[in-house]
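Heads up, the thing below is written out as structure tokens.
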Amino acid sequence: MAAMPKPHDEVFPVPDLSTVWLRAFLEVARHGSFTVAARTLGWTQSAVSRQISSLEAAWGGGPLFDRLPRGVRLTEAGRVLKPHAEAVAETLREAGRELAALREGTGGRLRFGAFATADAALVPHALAAFRARRPGVRLTREEGLTPALLDRLSAGHLDVAVVSTTGRAPLEAYTLHHLLDESLYVAVPAAHPLAGHPGPVRLGRLADADWISGAAHPEGTLLDAALREGFRPRVAHVVGEWTAKQGYVAAGLGVTLVPALAATAVRPDVVLLPVLDEGAPARAVYAATVRGRSTTPAQEAFVAALREAAVALPRPMA
């Protein structure tokens, strides 16, 4: 003989409750009257009555109100439902507030990434302006090389990425918002023979120098400019941070290429010389978003702040 099912084994279907039903239910419960609830909602009394009847039928738990000679009163089923209906209503109101803030660009989140030299001046200036205008937006930031940032953007982990044409990353899948074109400088020790050169220099004049670079091989780095000049630079030291590169240059351990974004301030024992590179355009810097994906007002406002910051950047001190 089959065992009788335990009470907790029974499965009761949960009805798909309409928000209109819950709204009508809460107003009737609040006022204890179909008539007053209808007036508050701007409906007819018969419309309110139909919504309550539909809710009672869908729930299947019997009447939610006792109909009295004057007004109505919650039944036990109505008293059970009321706090849940209030919680649902508050959740929907909060969702509405968050969606409105997202739509207006005053709330939500913005996840952005940038390559290291963009963090020297461009990103901080843009970020300060954005925070002043949109203090309610939650911001998270990442730092990385352009290829990695684009991968994060494609995977949906970033909303905006500040990237450059260095690194040979494919850019066809992205919408690129042009920020600036960076000129290049070569940093030499103050005592270097070219330190007093009056104008731009060709990198070929430094073909025999030791170079300090962020990577062991020049391909896909700023040293692509040297390859275009027809020589393969000898990378003597691999150093990632610009401040550290300055120290190596000042100590006479080699020379290094510096993009304009990182060249707004230099040590007094280091000299920056503009690079004459006629064979290729300057390095371009973009704010990238994924092509085909919708953007939020916060994303658009951040891109606008980046553009403003790019225009206002101080010129490098050679």
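The values are calculated or read from the model by the stated rules, or taken from the named source; none is laboratory data. Keep in mind that what you see is a predicted model, and the values were worked out from it rather than measured. FYI the Cβ positions are ideal-geometry reconstructions off the backbone, even for glycines, and counts take in every protein chain you see.
The table that follows gives values for the structure above.
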| quantity | calculated |
| --- | --- |
| Residue list for the stretch 177-188, restricted to those being surrounded by 15 or more Cβ atoms within 10 Å (Cβ to Cβ) and modelled with pLDDT of 90 or more | 177, 179, 180, 185, 186, 187, 188 |
| Members of the stretch 225-255 that are under 14 Å from residue 269 (Cα atoms) and over 31 Å from the mean Cα position of the chain (by Cα) | 246, 247, 248, 249, 250, 251, 252, 253, 254, 255 |
| Condition check for residue 71: modelled with pLDDT under 90, at positive phi, touching a Ser or Thr at 6+ places or on another chain (Cβ under 6 Å) and not basic (Lys, Arg) | yes |
| When residues of the stretch 189-204 are limited to those that are in contact (Cβ under 8 Å) with a residue 40 or more places away in the chain and closer than 17 Å to residue 231 by Cβ, the one surrounded by the fewest Cβ atoms within 10 Å (Cβ to Cβ) | 202 |
| Candidate set from the stretch 52-92 (those that are within 43 Å of the chain's Cα centre (by Cα) and of a type outside the set (A, V, I, L, M, F, W, C)); member that is nearest to residue 23 (Cα to Cα) | 86 |
| Scan of the stretch 256-303 for residues that are within 16 Å of the chain's Cα centre (by Cα) and assigned to a helix (DSSP H, G or I), ordered by number | 297, 298, 299, 300, 301, 302, 303 |
| Unique residue being among the small types (Gly, Ala, Ser), outside the structural domain of residue 230 (by TED's automatic domain parsing) and touching a Leu at 6+ places or on another chain (Cβ under 8 Å) when the list is 121, 155, 148 | 121 |
| Any chance residue 166 is within 37 Å of the chain's Cα centre (by Cα), surrounded by fewer than 16 Cβ atoms within 10 Å (Cβ to Cβ) and among the β-branched types (Val, Ile, Thr) | no |
| Qualifying residue in the stretch 43-53 (condition: out of contact with any strand residue (DSSP E or B) (no Cβ under 6 Å at 6 or more places or on another chain), modelled with pLDDT of 90 or more and part of a loop (DSSP other than H, G, I, E, B)) | yes |
| Members of the stretch 107-148 that are part of a strand (DSSP E or B), free of Cβ contacts under 8 Å to residues at least 40 places away in the same chain and touching a Gly at 6+ places or on another chain (Cβ under 8 Å) | 138, 141, 142, 143 |
| One residue from 215, 225, 195, 161 being modelled with pLDDT of 90 or more and either in a helix (DSSP H, G or I) or more than 28 Å from residue 138 (Cβ to Cβ) (or both) | 195 |
| So residue 252, is it part of a loop (DSSP other than H, G, I, E, B) and modelled with pLDDT of 90 or more | yes |
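For every residue, the table says whether it meets (1) of a type in the set (Ser, Thr, Tyr); (2) outside the structural domain of residue 243 (by TED's automatic domain parsing); (3) within 29 Å of residue 297 (Cβ to Cβ).
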site	(1), (2), (3)
141	no, yes, yes
160	no, yes, yes
174	yes, yes, yes
212	no, no, no
